[in-house]
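First comes the structure, then the notes that go with it.
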Amino acid sequence: MSRARVARRIAAGAAYGGGSLGLLGAAAVGVLLAEMQLAKRSVGGGVAPLPPAADGLYGRGYEGGAEPLRLALLGDSTAAGQGVRRAGQTPGALLASGLAAVAERPVELRNVALPGARSDDLERQVALLLAHPGRVPDACVIMIGANDVTHRMPPTQSVRYLSTAVRRLRTAGAEVVVGTCPDLGTIEPVYQPLRWVARRASRQLAAAQTIVVVEQGGRTVSLGDLLGPEFEANPREMFGADNYHPSAEGYATAAMAVLPTVCAVLGVWPETDRLDADRREGMLPVAQAAAEAVEEAGTEVTGARAPWALLKHRRRRRLPSVQEPAPLPDAHP
């Protein structure tokens, strides 16, 4: 069965209450989980430093003009920035400083991501962000899915939680960009054939995530195929000290892929949404667009007219250097 059909079945199962459709046999995923745990323990005792707090105000040089844009990050350890030691190396800080530079406005960052989180934790994270109706984020970036695969959460449940989170945020008025499930086949100590199993499971989940996010009015950016070749070619530079989470260079690579889409949803990216055939952009059925997106680095999928979606490859820019964030004038409870 093609990846597009599998992704559509998972998305349909999520929409209509199914929960038993699996990507892999239980035995295969059980062995995969054991291998992942061994991988996490193989370097540095399996312990990554706690992610540094990066909440605060970025782009202080633009203060005095327009009100700050509000940016929020949700998800798991990748969204939180686990594996690096400085706030400026986290994806939230990189995205906030990049957005400030493009928009020429200060950006207020709030990160509610939790290391180890699965998609069922998104309900709690969304509640934190929406607790104050007057401070709804302008844009939310979600990175989630890896722990769903390794902890054997049924993919229909996984994408149902994600769909609900995106719907709540969109209803509240926030734009939403989802960095889909990363390619778990790039974890260096995981060997074949489990590397292939991990890659297949994570890419199928990423495609299903794309379908439900687009259906709820969000946009997605593929992280799996973006990080895969670069992580495999430069594992010592792209992985952190625990050989499992990204390094500062790895997070910067991911942030450069997501930033153009974050800027585009806020209307501050200099490129238009006009399709470029030379860059293999086009309008496709949503399931087909989702399947193709996981195959190519940094591919954006955004909804068009149902059941169609736009497949885009936005040009990346180098990220500006990141200064330590200024504390917010009023702390969040």
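The values are calculated or read from the model by the stated rules, or taken from the named source; none is laboratory data. Since this is a predicted model, take the numbers as computed values, not measurements. Neighbour counts run over all protein chains shown; Cβ positions are idealised from the backbone, glycine included. Ligands, DNA and RNA are excluded from the accessible area calculation, which covers all protein heavy atoms including side chains. Shrake-Rupley method; radii C 1.70, N 1.55, O 1.52, S 1.80 Å.
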Evaluate the stretch 194-213: report whether one residue or more is buried (at least 24 other Cβ atoms within 10 Å of the Cβ), modelled with pLDDT under 85 and closer than 20 Å to residue 152 by Cα.
yes
Condition set at pLDDT below 95 and of a type outside the set (Val, Ile, Thr), scope the stretch 132-150, selection nearest to residue 179 (Cα to Cα): answer is 145
Working only within the stretch 139-167, note down all residues that are part of a loop (DSSP other than H, G, I, E, B) and either touching a Phe, Trp or Tyr at 6+ places or on another chain (Cβ under 9 Å) or buried (at least 20 other Cβ atoms within 10 Å of the Cβ) (or both).
144, 145, 153
What do you reckon, is residue 332 open to solvent by less than 20 Å² (accessible area, probe 1.4 Å), more than 16 Å from residue 210 (Cβ to Cβ) and at pLDDT below 75?
no
Which one of 127, 101 is aliphatic (A, V, I, L, M), surrounded by fewer than 22 Cβ atoms within 10 Å (Cβ to Cβ), out of contact with any His (no Cβ under 7 Å at 6 or more places or on another chain) and over 21 Å from residue 252 (Cβ atoms)?
127
Against the condition under 18 Å from the mean Cα position of the chain (by Cα), under 17 Å from residue 8 (Cα atoms) and open to solvent by less than 20 Å² (accessible area, probe 1.4 Å), how does residue 309 come out, does it pass?
no
Counting only residues that are touching a Gly at 6+ places or on another chain (Cβ under 7 Å) and hydrophobic (A, V, I, L, M, F, W, C), how many does the stretch 276-319 have?
4
Single match in 81, 64 (criterion: at positive phi, touching a Ser or Thr at 6+ places or on another chain (Cβ under 6 Å), modelled with pLDDT of 70 or more and not aromatic (Phe, Trp, Tyr))
81
